[in-house]
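The values are calculated or read from the model by the stated rules, or taken from the named source; none is laboratory data. Note that this is a predicted model, so its numbers are computed, not measured. Because the Cβ atoms are built from the backbone with ideal geometry, glycine has one as well, and the counts that use them run over all protein chains shown. Each accessible area value is taken on the protein alone, full model and side chains, heavy atoms only, with ligands, DNA and RNA left out. Shrake-Rupley method; radii C 1.70, N 1.55, O 1.52, S 1.80 Å.
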Amino acid sequence: HGLDVTTIEKEDLGGTVRHYPRKKLVMTRALKIPGYGTLPFREVRKEELVDTWEEIVDRAGLEVRTGETAQAISRNGAGFVVRTDRGEHRALRVILAIGRRGVPRKLGVPGEESAKVVYALREPEAFQGDRILVVGGGDSAVEAALALAEQPGNEVSLSYRRDRLSRIKPANLARFEAAVAAGSVRARWGTEVTRIDHGTVTLVPAGEEADGNGVEHGETIPNDRVFVFIGGELPTRFLKECGVEIDVKFGVP
């Protein structure tokens with residue numbers, strides 16, 4: 001259509017996929033890319049998918065400014081001004097495709113600031129001989145637990161608030177159930193983390209409150225690493241500051 005288009009990306013090309021574990025198999029579908037052709041992938045390795053995106057950007061001559069973070073968007077006459085950590089951009093239209101991954105949701109428990117707590121897994125091979133707790137019940141949590149369980153010497157548990165997995169891909173569910181049956185992953189259903197200490201993590205039944213003395217009645221387990229995959233924080237504040245109206249349904253924006 002002859003339009004001038006600039007893409008601003010605070011990390012690198014690939015976004016969330018770059019945070020996937022090395023050689024992770026990405027499940028997708030065939031997709032037609034205007035000006036490039038059809039991507040026939042059903043399953044593709046992370047690295048191959050990122051390479052393909054880089055080829056698309058190069059062939060199409062797209063301007064993608066990586067390592068640049070949008071901080072504010074304001075009206076300017078008939079258009080907008082987008083302020084970033086590198087300056088300003090003026091545009092007639094702004095498309096927000098920011099996702100949720102940039103701000104991982106935290107557990108909000110004592111000890112979470114510890115260096116042993118992380119919110120992404122890129123290199124499972126870097127963790128061996130560790131006692132690991134993965135927190136979450138989605139595909140990211142399950143895939144991380146499975147990848148870590150494959151590394152030598154690891155003892156892996158998965159803590160999830162519910163009594164079963166219900167929001168994951170069938171293939172991941174089958175792999176996880178097989179891992180639990182084989183004893184390579186321990187499922188700690190109906191639990192949540194209440195404290196993270198050096199060498200231990202405390203789990204209690206989900207929804208259980210401390211007693212009158214502030215003491216939680218749960219289980220303290222040996223631990224070297226905690227991986228948290230409980231989703232991301234909605235960018236509600238940023239959107240409101242940009243002038244986007246937010247509807248709240250059932251208490252959720």
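Some observations on this one:
- Sorting 247, 85 on solvent-accessible area from highest to lowest, probe radius 1.4 Å, gives 247, 85.
- The candidates 8, 56, arranged from most to least accessible area with a 1.4 Å probe in the full protein assembly, appear as 8, 56.
- DSSP bridge pairs, segment 113-253: antiparallel proportion in percent, nearest 5: 40 percent
- Extension reserve of the residue 3-residue 69 stretch, reckoned as 0.36 nm per residue once the Cα distance is removed: 21.5 nm
- Over segment 1-80, all Cα pairs binned in 10 Å intervals from 0 give whole-percent P(r) values of 15, 39, 31, 12, 2, listed from short to long.
- Spacing of the modelled spin labels on residue 150 and residue 163, each 7 Å from Cα toward Cβ, amounts to 3.2 nm.
- Distance between the 7 Å Cα→Cβ label points at residue 85 and residue 171: 3.5 nm.
- Per-residue surface analysis assigns residue 18 an accessible area of about 60 Å², computed on protein heavy atoms at 1.4 Å probe radius.
- Reciprocal mean inverse distance between Cα atoms of segment 77-222 - Kirkwood radius, Å: 17.8 Å
- Remark on segment 45-147: ratio of C-alpha radius of gyration to 2.2 N^0.38 Å is 1.50.
- Residue-normalised accessible area of segment 20-85, given per residue in Å² at a 1.4 Å probe: 64 Å²
- Each label was represented as a point 7 Å from its Cα along the Cα-to-Cβ direction; for residue 41 and residue 241 these points are 3.3 nm apart.
- Expressed as a whole percent, the accessible surface of the chain that belongs to carbon and sulfur atoms is 49, based on a 1.4 Å probe.
- You can think of it this way: the chain between residue 248 and residue 115 has 44.3 nm of extra reach, that is 0.36 nm per residue less the Cα-Cα gap.
- Efficiency of FRET between residue 23 and residue 186 - r from beta-carbon atoms, R0 25 angstrom, step 0.05: 0.50
- Accessible surface, per residue, of segment 149-210 when the full set of protein chains is kept, probe 1.4 Å, Å²: 58 Å²
- Full extension of the chain segment joining residue 208 with residue 10 gains 67.4 nm, where the gain is 0.36 nm per residue of separation less the Cα-Cα distance.
- Taking all Cα pairs closer than 8 Å and separated by 6 or more residues, the relative contact order of the chain comes to 18 percent.
- DSSP beta bridges in the chain [antiparallel fraction, %, rounded to 5]: 60 percent
- Over the chain, DSSP H runs of length four or greater, each weighted -39,500 (n - 2.57), average out per residue to a 222 nm ellipticity of -5500 deg cm²/dmol.
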